[in-house]
Amino acid sequence: MNAMPLLTVVSRWTWPLATFCLCGLLAAATPAALAQAPRPTQVQRPAPLQRAAQPRLQPQQSLAALIQEAAELSKTATAGEDLARLITLCKQAQAQNPPEPHATYFRELEAWSRSRRGELYAEQANLATDDTIWQKYEQAAFQDFDLAVQQNPKLWQAVHHRAVSHARLGRIDEAIADLDTTLQMNPKFNTGWYNRAELHYQQRDFKQALADYEAALKLDATDVDAVTGKAHTLYQLEKYREALTHYSQAVKIAPQDASRYADRADAYSDLGFWEQATGDFSQALDLDADLARAYQGVAWILATCPDEKYRDPEQAVELAERAIQLNPAADYRYHDTLAAAQAAIGKFDIAVKSGETAAQQAPETERTYIEHRLALYQQRKAYLEPSR
């Protein structure tokens, strides 16, 4: 089984509640993580203005009263209702066509408020288990980020947030365009470089992805996500020795992170270093006994290894089933692994069913390999990896 790539964009595309970050676009993650430590990019509140000269009171709030209430509320606003009130105050003030610098103040404050509220909507989207609810909150987040950018095009954090929403909604070209703008405004924002790298990787533009990962690492050499992303990319470019060096660097940076061992194990397995692969998978499971992708990786070796001393088809079935149990949304790799294990113990009929599930789910780039294995099961033959 071609174990690479196991990377998708999203671990850095998560949203903390009060401060924004991307911790990754987005993420089967790199290769299976969707949750890693957030990296805040706090949007600064506009500085409060002095009270405007008191105009004659109208039925609506006076500009001076709006300035005072907005300034006070902006000091503590974190909840959705407070941010909504700030947005209302800004719109009421702008409707009065205030002079400068009041007009700019209220535009910037509305942009800040919408950006912060967008974060809250995105957080709710992260928590959603129903796709309809997820779409509702993600669209609401995008709308706020988009309006924030309209109010203040120089607010690079809001442009970055909008890029995240574009990516999460599947609009990759628009996301990359917003990240281009973000990095033009703030070239020292390493998460922006990382996120754009992830999107280029997803589009299989590996050379550009590599350049962006390297740009992120110039800003923070200990960015373990970028180190891992660079390793994946080097692997795709068939620079295997360099890739393994970077996988090992990621393990060194985060020795208690099970996924880093699993990343390196996948590479070892794909290159035919069975002993090193099983060792890394074992270490990953010692650190995280519920790491589904580690069970899947071990099961693949136990079912398909050309070296008989590493094969144990019965255990392979148990581990493949365990992997799917731990990850109900398991992608095609898990079903492909289960099919190989079932065929290895002679249960070809159910192996065909599992293989058909894998083929239906697999991306076009992988479907040929899976259909080849499926044909073997239909002929009542097991699949073994070629000797390396």
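What follows is calculated from the coordinates using simple rules that are stated; it is not laboratory data. Here the structure is a predicted model, which is why all the values come from computation and not from measurement. Note: ideal-geometry Cβ built from the backbone for every residue, glycine included; neighbour counts use all protein chains shown.
A few points about this structure:
- Spherically averaged projected area in nm², based on the convex hull that wraps the Cα atoms of segment 260-383: 6.8
- Three-way shape call for segment 196-278 based on the alpha-carbon gyration tensor, with the a/c threshold at 1.5: oblate
- Gyration tensor verdict on segment 179-232 (Cα atoms; rounded if a/c is under 1.5, prolate if a/b is larger than b/c, oblate otherwise): oblate
- Backbone phi angles across segment 308-315, fed through the Karplus curve with coefficients 6.51, -1.76 and 1.60 (θ = phi - 60°), yield HN-Hα couplings of 4, 5, 9, 8, 8, x, 4, 5 Hz in residue order; Gly and Pro are listed as x.
- Residues in segment 76-87 carry Karplus couplings, in order, of 10, 5, 9, 7, x, 5, 5, 5, 4, 5, 4, 4 Hz; the curve used is 6.51 cos²θ - 1.76 cosθ + 1.60 with θ = phi - 60°, and Gly or Pro positions show x.
- Coupling constants for segment 134-146 follow from the phi torsions by the Karplus curve (6.51 cos²θ - 1.76 cosθ + 1.60, θ = phi - 60°), and in residue order they are 4, 4, 4, 6, 5, 5, 5, 4, 4, 4, 5, 5, 5 Hz; glycine and proline get x.
- Segment 109-205: relative contact order in percent, alpha carbon pairs under 8 Å with at least 6 residues between: 21
- For LYS381, a cut-off of 19 angstrom between C-alpha atoms picks up these lysines, skipping any fewer than 8 places away in its own chain: LYS347, LYS353.
- Estimated at 0.36 nm per residue, the fully extended path between GLN203 and GLU371 surpasses their Cα-Cα distance by 58.1 nm.
- Burial ordering of HIS161, HIS232, fewest other beta-carbon atoms within 10 Å first: HIS232, HIS161
- Each peptide among 127-137, 330-340, 297-307, 210-220 gets the average number of other Cβ atoms lying within 10 Å of its residues, and from highest to lowest they stand as 330-340, 297-307, 210-220, 127-137.
- Label zone at ALA95, where the point sits 7 Å out along the Cα-to-Cβ direction: segment 143-165 residues whose backbone N lies under 19 Å: 151
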